[in-house]
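Beneath this line is the structure, given in structure tokens, with notes to follow.
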Amino acid sequence: ARLPMPELAPAGTLEALREEAAVCNRCPLHARATQTVFGEGPFDAKIMFVGEQPGDQEDLAGRPFVGPAGKVFDDAIAQAGIDRSRLYVTNAVKHFKYEPRGKRRVHQRPNLGEVQQCRWWLKLELDLIKPKLIVAMGATALYSLTGEKQKLEDLRGRAIAMEEGRVLFVTVHPSYLLRIPDEERKAQELARFRQDMNLIKELA
Ligand code: URA
């Protein structure tokens, strides 16, 4: 019997890119991760949000921002009146990096080489989606998007012109908010993150 031809998504589509990324081995992170967590959202999204890398739950689900950080993100955009289904949501690094500790998998920050390798995919996503507004959440996303090590606080909270008429907006990463131990400070920082989402809604 003849083997059926595998069904491949048409070249140049988001689905084709997703299929290619599913077998990515450009860096060692693929070996331990469950799967590639590629970006998600409509092809004609006007806004692209970029995080750091998938966490434990994202790794299992195969979707970005579905765990605790995703909850902070979802709540903040919802209060600003931003509809997640119209956004393209992705990460600078597409595999979960962690250290096994007993039954737990403890998140580890991706290093510069890993971010550098994965910029390949982020660039292809940008070329395909062509968002008007790109939101960098956290220092890793900022580095991946600009290729420069810059201080997040220096750039946070305003529209920054990029090439091809795009606008970059920089804010903190939602996981950072979850890690603040002091309740009062946490509430302040959360309010500021929400304010950033309101600014994004106005810019969009
Ligand atoms: N943190 C991220 O940066 N991305 C996710 O998808 C989840 C948590």
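Note on region 173-194: residues that are without any contact (Cβ under 8 Å) to a residue 24 or more places away in the chain and of a type outside the set (D, E, K, R) amount to 5. Residues that are touching a residue at least 60 places away in the same chain (Cβ under 8 Å) and either within 13 Å of the ligand (Cβ to nearest atom) or within 18 Å of the chain's Cα centre (by Cα) (or both) within region 1-25 comprise LEU14, LEU17, ALA21, CYS24, listed in sequence order.
Which pairs do you get when a residue that is under 16 Å from VAL172 (Cβ atoms) and in a strand (DSSP E or B), found in region 47-61, comes within reach of a residue that is near the ligand (Cβ under 9 Å from one of its atoms) and of a type in the set (Val, Ile, Thr), reach meaning Cβ atoms under 7 angstrom, with the pair 6+ apart or on two chains? Cβ pairs passing all conditions: PHE49/VAL89; VAL50/THR90. Residues that are surrounded by fewer than 17 Cβ atoms within 10 Å (Cβ to Cβ) and in contact with a helix residue (DSSP H, G or I) (Cβ under 7 Å, 6 or more places away or on another chain) within region 156-189 comprise GLY157, ALA159, LEU178, ILE180, LYS186, GLU189, listed in sequence order.
Does VAL66 qualify as being within 11 Å of the ligand (Cβ to nearest atom), in a loop (DSSP other than H, G, I, E, B) and not polar (S, T, N, Q)?
So VAL66 fits the description; yes.
Residues in region 126-140 that are over 16 Å from ILE82 (Cβ atoms) and more than 14 Å from the ligand (Cβ to nearest atom): 5 in all.
Taking the criterion of being within 11 Å of the ligand (Cβ to nearest atom) and under 16 Å from VAL50 (Cα atoms), the residues of region 96-123 that qualify are PHE96, ARG109, PRO110.
Within region 190-197, the presence of at least one residue that is touching a helix residue (DSSP H, G or I) at 6+ places or on another chain (Cβ under 8 Å), aromatic (Phe, Trp, Tyr) and farther than 30 Å from THR13 by Cα is confirmed.
Condition first: over 18 Å from VAL115 (Cα atoms) and in contact with a Lys or Arg (Cβ under 9 Å, 6 or more places away or on another chain). Now tell me which residues in region 33-43 satisfy that.
Hits for region 33-43 are GLU40, GLY41, PRO42.
Restricted to region 95-204, the set of helices (runs of 4 or more DSSP H) holding at least 3 residues that are within 24 Å of GLN57 (Cβ to Cβ) comprises 112-129, 139-146, 174-179, 183-203.
Every number in this text was worked out from the coordinates using simple rules, so none of it is lab data. Note that this is a predicted model, so its numbers are computed, not measured. Because the Cβ atoms are built from the backbone with ideal geometry, glycine has one as well, and the counts that use them run over all protein chains shown.
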